[in-house]
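What follows is one structure encoded as structure tokens, with my remarks underneath.
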Amino acid sequence: MNFELTHTDPETSARCGCLSTAHGEIQTPIFMPVGTVATVKGVFHRDLKQEVGAEIILGNTYHLYLRPGLEVLEQAGGLHKFSSWDRPILTDSGGYQVFSLADNRKLTEEGCVFQSHIDGSRHLFTPENVVDIQRVIGADIIMALDECPPGTAEYGYAKKSLGLTQRWLERGVKRFDETQPKYGYGQTFFPIVQGCVYPDLRRAAAEHAAALHREGYAIGGLAVGEPAEQMYQMIEVVNAILPKDRPRYLMGVGTPENLLEAIARGVDMFDCVMPTRNGRNGMLFTAQGIMNMRNQKWARDFSPIDENGTTFVDKTYSKAYLRHLFVSDEMLGAQIASLHNLGFYLWLVREARAQIAQGTFAAWKRDMVKKVSARI
RNA sequence: GGGGGGAUACCAGAGUGGCCAAAUGGGACAGACUGUAAAUCUGUUGUCUUACGACUUCGGAGGUUCGAAUCCUCCUCCCCCCA
């Protein structure tokens with residue numbers, strides 16, 4: 001994998017660049033649609049590529065390990081072939097499930113014992129076997145196993161948790177460096193910087209991760225209940241330490257506003273379920289603001305979903321029609337909204353790149369933050 | 001013509017003397033969602049009020065009772081069976 005910075009913004013810490021992988025190039029800053037169980041819910045690959053312009057998508061180790069399972073994935077020749085996605089894939093390690101499935105797991109020094117949310121069966125994830133599983137999945141970018149504490153975690157717990165995440169990270173790096181890809185193309189391994197909302201912990205975590213000299217780094221444990229301002233502060237603290245010539249991936253973030261603020265602070269990669277999940281639940285993100293498509297006010301609005309939208313659904317369908325689909329619980333509504341939202345997210349990062357390249361990012365961002373967070 | 005059943009909030013439908021401004025479901029309206037156990041979840045849905053609370057409601061009119069959606073009388077309308 002190779003990363004090349006092409007532009008840096010004079011006023012902010014924003015930058016744009018190009019990340020090269022075995023499955024193609026990724027222009028940064030980039031947003032990566034989430035495809036947890038080998039599908040970006042409700043969206044065809046054709047549309048992800050042609051309409052949305054997705055350059056890389058996510059998969060999830062925990063979910064794919066449970067279903068379809070490693071045997072199927074290995075026989076298929078990896079996740080790319082299994083799902084017919086020939087562009088890059090990044091897999092999360094299951095670290096987030098340590099957080100979101102907290103009632104069904106037990107943490108030890110060794111790793112994390114999960115109870116499957118599907119059938120209740122018990123499984124052990126370790127920093128090592130999570131690397132092995134991601135080798136089988138065949139993701140271009142694989143993530144370290146970490147503990148993602150809630151945004152409300154107190155200092156004592158945060159410090160203890162970070163210690164575990166750091167020991168796990170070292171074990172994960174070791175296993176990665178000792179093993180080989182399975183399908184004839186290279187993979188890379190990203191550490192995850194934790195430390196909750198505590199600057200000293202974040203600093204220590206970033207220094208520890210940077211010392212491992214990897215090809216890219218992730219910032220985890222943010223947007224998990226803490227105020228947005230604290231999230232932005234933590235990004236600043238961490239990005240001051242992470243090497244400038246390596247991509248930084250802010251995990252699980254976020255709203256369009258979050259993306260813009262994080263790009264301004266030097267983040268290069270994002271993923272989030274919001275465009276798809278909130279889309280399925282009737283929320284549309286646009287450059288003019290946020291719409292709840294179930295609202296009565298759209299019932300007779302026959303104008304296009306989004307005049308400025310970049311996907312075919314934006315001008316094909318009207319707001320009134322989309323509202324009807326949501327109110328009638330028709331699945332086409334969820335598909336249209338997912339496609340639109342992903343299209344908007346990818347447009348937003350493309351536009352951010354263009355503005356950075358032109359040196360006009362700062363002013364554009366100030367204006368755009370107001371627009372995208374408005375309720376319409 | 002004879003016999004029987006019924007009328008409850010936007011709809012359907014419980015409730016059959018006080019714990020009823022009235023269950024439940026649907027609908028309607030609004031909100032939440034950040035490395036996806038989510039095509040999910042939450043709230044509101046008589047009027048006024050930030051709230052406490054107050055007021056008016058169970059086809060209509062009258063009555064019994066300390067108290068009525070609930071009991072009695074009459075009226076209106078609907079449904080079923082027999083002829």
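The values are calculated or read from the model by the stated rules, or taken from the named source; none is laboratory data. Keep in mind it's a predicted model, so treat the numbers as computed, not measured. Ideal geometry is used to build each Cβ from the backbone, glycine not excepted, and the neighbour counts take in all protein chains shown.
What residue, among those in region A:227-241 that are within 18 Å of the chain's Cα centre (by Cα) and not aromatic (Phe, Trp, Tyr), is nearest to RNA strand B (Cβ to nearest atom)?
Taking the candidates together, the pick is A:Ala228.
So which residues in region A:156-177 are in contact with an Asp or Glu (Cβ under 9 Å, 6 or more places away or on another chain) and surrounded by fewer than 13 Cβ atoms within 10 Å (Cβ to Cβ), if there are any at all?
The answer is A:Arg167, and nothing else.
Give the residues of region A:10-50 that are within 16 Å of RNA strand B (Cβ to nearest atom), polar (S, T, N, Q) and closer than 26 Å to A:Arg246 by Cα, sorted by residue number.
Residue satisfying the conditions is A:Thr36 alone.
Give the residues of region A:168-223 that are at positive phi and away from RNA strand B (no atom under 16 Å from the Cβ), sorted by residue number.
A:Gly184, A:His213
For region A:228-272, which residues satisfy the criterion of being among the charged types (D, E, K, R) and assigned to a loop (DSSP other than H, G, I, E, B)? Can you show your working first?
Within region A:228-272, the first condition is being among the charged types (D, E, K, R), and the residues that meet it are A:229, A:236, A:244-246, A:248, A:257, A:261, A:265, A:268, A:271.
A:Lys244, A:Asp245, A:Arg246, A:Arg265, A:Asp268, listed by residue number.
Counting only residues that are touching a Ser or Thr at 6+ places or on another chain (Cβ under 8 Å) and crowded, with 16+ Cβ neighbours inside 10 Å, which one in region A:1-17 is modelled with the lowest pLDDT?
Per the stated criteria, the residue is A:Met1.
Can you tell me which residue is nearest to RNA strand B (Cβ to nearest atom) among those in region A:276-309 that are assigned to a loop (DSSP other than H, G, I, E, B) and buried (at least 19 other Cβ atoms within 10 Å of the Cβ)?
Among those that are assigned to a loop (DSSP other than H, G, I, E, B) and buried (at least 19 other Cβ atoms within 10 Å of the Cβ), it is A:Gly282.
I'm checking my understanding of the structure. Among residues of region A:345-375 that are within 15 Å of RNA strand B (Cβ to nearest atom) and either in contact with a Lys or Arg (Cβ under 9 Å, 6 or more places away or on another chain) or of a type outside the set (Val, Ile, Thr) (or both), which one is farthest from A:Glu11 (Cα to Cα)?
Of everything passing the filter in region A:345-375, A:Arg375 is farthest from A:Glu11 (Cα to Cα).
Taking A:Gly69 as the residue in question, decide whether it is among the small types (Gly, Ala, Ser) and crowded, with 16+ Cβ neighbours inside 10 Å.
For A:Gly69, the condition - among the small types (Gly, Ala, Ser) and crowded, with 16+ Cβ neighbours inside 10 Å - is not met.
Restricting the search to region A:69-121, which residues are aromatic (Phe, Trp, Tyr), outside any loop (DSSP other than H, G, I, E, B) and within 29 Å of A:Gly184 (Cα to Cα)?
A:Phe82, A:Tyr96, listed by residue number.
Select from region A:310-337 the residues that are within 10 Å of RNA strand B (Cβ to nearest atom) and farther than 14 Å from A:Pro275 by Cβ and list them in ascending order.
A:Arg323, A:His324, A:Phe326, A:Val327, A:Ser328, A:Asp329, A:Glu330, A:Met331, A:Leu332, A:Gly333
Taking A:Ala337 as meeting all but one of (1) without any contact (Cβ under 8 Å) to a residue 60 or more places away in the chain; (2) surrounded by fewer than 19 Cβ atoms within 10 Å (Cβ to Cβ), write down the number of the exception.
Looking at each condition in turn, A:Ala337 falls short on (2).
Starting from residues that are surrounded by 15 or more Cβ atoms within 10 Å (Cβ to Cβ) and among the charged types (D, E, K, R), keep the ones in region A:74-110 and report whichever is farthest from RNA strand B (Cβ to nearest atom).
A:Glu74
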